[in-house]
Amino acid sequence: ISAREEILQELNRRVGILSLSEVPDSFLMWCRYASGHTGFVYEFDDKHPWFRAKTEENDDTHELRKVSYVDVPTSPYLAELGAHEVLYSKRKEWEREKEWRIIRPFVESSQRIGEDVYLFDVPSTAIVGVIVGNLATEDSTQQLAQIIGGDPTFAHVRVGFAHTQFDQKVDIDFWPGTVAEIRRELGVSL
């Protein structure tokens with residue numbers, strides 16, 4: 001095993017990476033990351049303090065950062081690369097994803113499931129929208145509606161629906177208003 005692989009394996013044992021995208025209407029992203037259009041896309045407020053929680057000036061984690069796309073790293077030696085090149089860069093062929101990342105140590109997770117799953121609490125105020133995939137089941141959509149409709153901390157969230165066109169274009173239509181406004185219009189109290 002090479003030193004580079006060893007370092008990357010050690011990082012995998014110690015930190016989690018939340019990868020986000022600027023592109024909610026990418027057909028390929030819905031295929032790859034939203035269970036073939038059956039899942040949901042969550043829209044986050046990138047200005048929320050949860051995404052800006054650096055603990056010190058030289059902290060390379062705790063802050064949402066844009067991924068850089070490169071053909072070749074600036075050095076073949078890991079020791080000569082900066083943290084941004086190691087943690088926040090990918091090969092140029094992935095550039096269409098327009099990825100952003102935030103890295104958090106596993107010791108900060110709120111829950112652990114088995115050996116490999118670490119969950120982190122993201123404040124509900126950091127979520128500003130949810131987009132339902134065009135192939136989402138009625139059951140999963142109902143569960144989503146119960147979660148965001150039954151919790152007043154999600155009252156500010158807007159809800160949209162993805163529609164896939166024949167040309168592999170994804171259109172997103174949002175309900176007019178937030179969850180709270182829709183509930184008021186329907187006469188349902190929070």
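Quick check on ARG112: is it in contact (Cβ under 8 Å) with a residue 12 or more places away in the chain and at negative phi?
Criteria not met by ARG112.
Restricting attention to strands (runs of 3 or more DSSP E) lying wholly within the range 90-169, give those where 1 or more residues are more than 30 Å from GLU10 (Cα to Cα).
Of the strands (runs of 3 or more DSSP E) lying wholly inside the range 90-169, those with at least 1 residues that are more than 30 Å from GLU10 (Cα to Cα) span 127-132, 158-164.
Here are some residues: VAL117, VAL72. Which one is at negative phi, modelled with pLDDT of 90 or more and open to solvent by 40 Å² or more (accessible area, probe 1.4 Å)?
VAL117
Among the residues of the range 22-36, what is the count of those that are surrounded by fewer than 17 Cβ atoms within 10 Å (Cβ to Cβ) and touching a residue at least 24 places away in the same chain (Cβ under 8 Å)?
7
Give ASN12, ASN58 a once-over and let me know the one that is modelled with pLDDT under 95, surrounded by fewer than 17 Cβ atoms within 10 Å (Cβ to Cβ) and outside any loop (DSSP other than H, G, I, E, B).
Exactly one of ASN12, ASN58 is modelled with pLDDT under 95, surrounded by fewer than 17 Cβ atoms within 10 Å (Cβ to Cβ) and outside any loop (DSSP other than H, G, I, E, B), namely ASN12.
Return the only residue of THR153, THR137, THR164, THR178 being open to solvent by 60 Å² or more (accessible area, probe 1.4 Å), over 27 Å from HIS62 (Cβ atoms) and β-branched (Val, Ile, Thr).
Going through THR153, THR137, THR164, THR178 in turn, the sole match is THR137.
Note down all Cβ pairs under 7 Å where the first residue falls in the range 120-137 and is without any contact (Cβ under 8 Å) to a residue 60 or more places away in the chain, the second is open to solvent by 40 Å² or more (accessible area, probe 1.4 Å) and assigned to a helix (DSSP H, G or I), and they're at least six residues apart or on different chains.
Correct list of pairs: SER124/THR153.
Return the residues of the range 75-114 that are open to solvent by 70 Å² or more (accessible area, probe 1.4 Å) and hydroxyl-bearing (Ser, Thr, Tyr); say none if nothing qualifies.
TYR77
The values are calculated or read from the model by the stated rules, or taken from the named source; none is laboratory data. In this text the structure is predicted, and so the values were computed from the model without any measurement. Glycine gets a Cβ as well: all are built from the backbone with ideal geometry, and neighbour counts include every protein chain shown. Calculation scope for accessible area: heavy atoms of the full protein, side chains included, ligands and nucleic acids excluded. Shrake-Rupley method; radii C 1.70, N 1.55, O 1.52, S 1.80 Å.
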